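Data first, discussion second: the structure below is written as C-alpha cells.
The values are calculated or read from the model by the stated rules, or taken from the named source; none is laboratory data. Predicted, not measured: the structure shown is a model, and the values here were computed from it. Cβ: placed from backbone, ideal geometry, glycine included. Neighbour counts: every protein chain shown. Accessible surface areas use protein heavy atoms only, side chains included; no ligands, DNA or RNA. Shrake-Rupley method; radii C 1.70, N 1.55, O 1.52, S 1.80 Å.
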Amino acid sequence: MLRLHDTLSGRTVAFEPRDEGRVSMYVCGPTVYDVPHLGHARTAVVFDVVRRYLAWSGFDVAFVSNVTDIDDNIIRRAAKENSTEQEVARRYEQLYWDELDRLGVLRPNRSPHATEYVDDMIRMIDELVRAGHAYVVEGSGVYFAVDSFPRYGELSHRKVADLLESAGGRVEVDEEKRSPVDFALWKAAKPGEPTWESPWGTGRPGWHIECAAMSLDLLGERFDIHGGGNDLVFPHHENERAEAEATGRRFARYWVHSGMLNVGGQKMSKSLGNFTTLADALDSYDPRALRLAILQTHYRKAVELGADELAAAEKAGHGLDNMLRAAEVAGVDHKGAEPVDEFVDAFRDAMDDDFGTPEALGAVFEASREANKALGEGDTQRAASLVATVVELAGVLGVEVRSGLGEGDDAIDAKVVARNEARASRDFARADDIRDELAAQGIVLEDTPHGTVWRRT
RNA sequence: GGCGGCGUAGCCGAGUGGCUCAGGCAAGGGUCUGCAAAACCCUGGACGUGGGUUCAAUUCCCACCGCCGCCUCCA
C-alpha cells in the first residue's frame, strides 16, 4: 500500500486513486526561456520515478506535464535576442526534451502548451468574474479576488493576514488591485507583447491559470497527483488551486512536491545564477550517475549535487554494470529468471513509504553484491535470479544496467589472442605491452575464469 | 517578522526508543590474479549543544546554536 506525503494535509497519507487501477498525474514543467539546469533534472527525475513506480505497481498512469511558452521571461529573452517569443520558446523547449531524453526521463503522455489553451483560460476567467471571484480593472487586467475564496492559503499553510503583513514590503503594491495578495488572471496588452483577444480587451493570460485549465481539461476534476518543485507551492499552486476550486471544480487530490537542488548550501536557481546546466553535467558524467545521485537523497529533501557526489554515483552505477558483465561472461541468463522476493519486497516497502528511493537503492545494491557472491560461488541459478532482481528494480528507477561487454571487434580480439599467447609462454612484458596499448585506446581487459573479455572505459 | 525544513562517521546519505545492521563513495587490511581489471571478505570511525522524560534516546519533549527554503519570477 503506497503512502505519500501530501502537501495539502501536511501528512503522509495512504494513496487511493480516483479511478481504480488508474493514476492521473500532472507535473508542472518549465518555463522555456533558458537552458535547463540541474534543478530541472531533479524534479524531472523524481516524478519520472514516481510515474515508473506507479506503472510498475500495476497502475495505468496518465502523466501530463506542461510547458509554459509565454511569460515575462520569454518576452524579455526574445527582446534581448532580437527574436520572437515563439522562437525562444521553441528552441528552449527542444533543448529541454533533448536533455530529459538523455536522462532517461520518459516523455509525458501529453505536454500541453499555455498558448494552446488560451481559449480555455478565458472561459475559466470569465466564470470567475461572473461568480464574483475575479474583477476587471480597466486597462490593467483581470484579478483574482483572494478574499472571495476563504480556503486561500490552505495548500501552502499560510494565512492571508500574514501574507498581507509581509506583502507591504515585498510585493509590488499595485494600486489597481483591490488587495496586494490578489493576482493576475489576465494581463492587458503592453506594446510589443504577444496578445490574444479576450472579453477584457487584448492581452495575455496570467501564469497560474494555465495549469488549472490544462490539468482539468486533460485529467478531469479530482485528478490524483499534482506535482512540482516545492518552490511552486506558493504562490503558483496555491493560486492554481484557488482558481480551479473557486469555479466550483474539484482540483487535485494529492499534492507532491520535490525538494530543491542546492549548490554550496544554497538553492540552485536561474535568478541566483548559480546553476550548472544540465548539458554540462550530462557531458561530464554518465546520465545514469545523475539519476542515481538524485535518487540517493529522499525527494523532499534538499540535495547537494557537486562533482564528488556525481563521481561517487557514477562509480556506484558502474558497479551494477560490472555485476551484469560478470554474469554475462559466466553465461548466466537472467532473462526469464524470477527476481528474489526478499529484495523486491524491501524495494517495494521502501518505495511505498513516500517513494523512499534511497532505501530502495540500498536493496538494489545489496542484491547486486549477492549476485556477485553467487557468481563467485558458481551458483548460476541463484545468480540469475539476483541479476534479474537488480535489472528489474534498477529499471523501475529508470536506471538501465548495461554489461558493457565488448564484442565483435576483430582488431581487439586479435590483440587479446596475442596477449594470451604471450601469457601462456610467460612473456608477461609483451602481454602487458599489449594491454597498455589497448588501455591507451580506452579498452580495459579483464581476465575472468571464463576467458579474457574487454570493455570500453 | 510569519510558515516550514535540516544538522548522522573523511564525503554523500537512509533509518530507528533497546536487536550485527542502511546504502553509495573514499581509507586500511586480506582473498583471487603472473601483474592487473572486476569481485568478495574484514576493519575503523556517527548521530550539532545543553537539559528533560524513560529501566533505556541518535530516535520522544524543551531550550539553545548553526544552516537552508517559501513569503517576488523560479523545478
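Things to note:
- Value of relative contact order over chain A, rounded to a whole percent, pairs C-alpha under 8 Å and six or more apart: 16 percent
- Ranked by solvent-accessible area (1.4 Å probe, protein heavy atoms only, all chains present), the residues A:Val329, A:Val263, A:Val23 order from largest to smallest as A:Val263, A:Val329, A:Val23.
- Shown in residue order for region A:192-197 are the 3J(HN,Hα) couplings computed by the Karplus curve 6.51 cos²θ - 1.76 cosθ + 1.60 at θ = phi - 60°: x, 9, x, 9, 10, 6 Hz (x for Gly and Pro).
- Surrounding net charge for A:Ile443, when Lys and Arg each add one and Asp and Glu each subtract one, Cβ distance under 15 Å: -4
- Normalised by the number of residues in region A:396-457, the average gap of Cα pairs under 8 Å and 6 or more apart makes the relative contact order 32 percent.
- Rolling a 1.4 Å probe across all protein chains gives A:Asp379 an accessible area of roughly 60 Å².
- Centre separation in Å (Cα based) which lies between region A:4-61 and region A:116-130: 26 Å
- Label-to-label distance, nm, for residues given as A:Asp349 and A:Gln94 (7 Å Cα→Cβ offset): 5.0 nm
- For region A:196-314: accessible area per residue (Å², 1.4 Å): 35 Å²
- Measuring with a 1.4 angstrom probe and ignoring ligands and nucleic acids, A:Trp196 comes out at about 60 Å² accessible.
- Of the GluC sites (Glu not before Pro) found in region A:362-432, those that fall in a DSSP loop while having at most 12 other beta-carbon atoms within 10 Å are A:Glu377, A:Glu407.
- Computed FRET value (nearest 0.05) for A:Glu400 with A:Arg3, which takes r as the C-beta separation and R₀ as 25 Å: 0.35
- Per-residue extension of 0.36 nm, minus the Cα-Cα distance of A:Ala79 and A:Arg300, leaves a gain of 75.9 nm for this segment.
- Counting DSSP beta bridges with both ends in chain A, the antiparallel % (nearest 5): 55 percent
- Estimated vicinal HN-Hα couplings, Hz - region A:419-426 in sequence order (Karplus 6.51, -1.76, 1.60; Gly, Pro = x): 5, 5, 5, 4, 5, 4, 8, 6
- Summary of the geometry: region A:265-312 and region A:322-392, compared by the centres of their Cα atoms, lie 26 Å apart.
- Of all accessible heavy-atom area on region A:1-123, the percent that carbon and sulfur account for (1.4 Å): 44 percent
- Region A:371-436, accessible area per residue, ligands and nucleic acids excluded (1.4 Å, Å²): 53 Å²
- For region A:138-239, the list of trypsin sites (Lys or Arg not before Pro) that fall in a loop by DSSP and count at most 11 other C-beta atoms within 10 angstrom reads A:Arg151, A:Lys159.
- Computed over neighbours whose Cβ is under 12 Å from that of A:Cys28, the net charge equals -3, Lys and Arg +1, Asp and Glu -1.
- In this structure, A:Glu197 and A:Ala307 have a Cβ-Cβ separation that, at R0 = 41 Å, corresponds to a calculated FRET efficiency of about 0.20.
- Apportionment of accessible area to carbon and sulfur, region A:300-404, percent (1.4 Å): 45 percent
- Label-to-label distance for A:Ser425 and A:Leu272 is 6.4 nm, based on points extended 7 Å past Cα in the beta-carbon direction.
- A:Val146, A:Val136, reordered so the largest accessible area comes first (probe 1.4 Å): A:Val136, A:Val146
- Point-to-point label distance, A:Asp283-A:Ser166, nm (Cα→Cβ direction, 7 Å offset): 3.8 nm
- Sites matching trypsin sites (Lys or Arg not before Pro) across region A:276-364 that sit in DSSP coil, with at most 13 neighbouring C-beta atoms within 10 Å: A:Lys301, A:Lys335
- In Å², nearest 10: area of A:His40 left accessible to a 1.4 Å probe: 40 Å²
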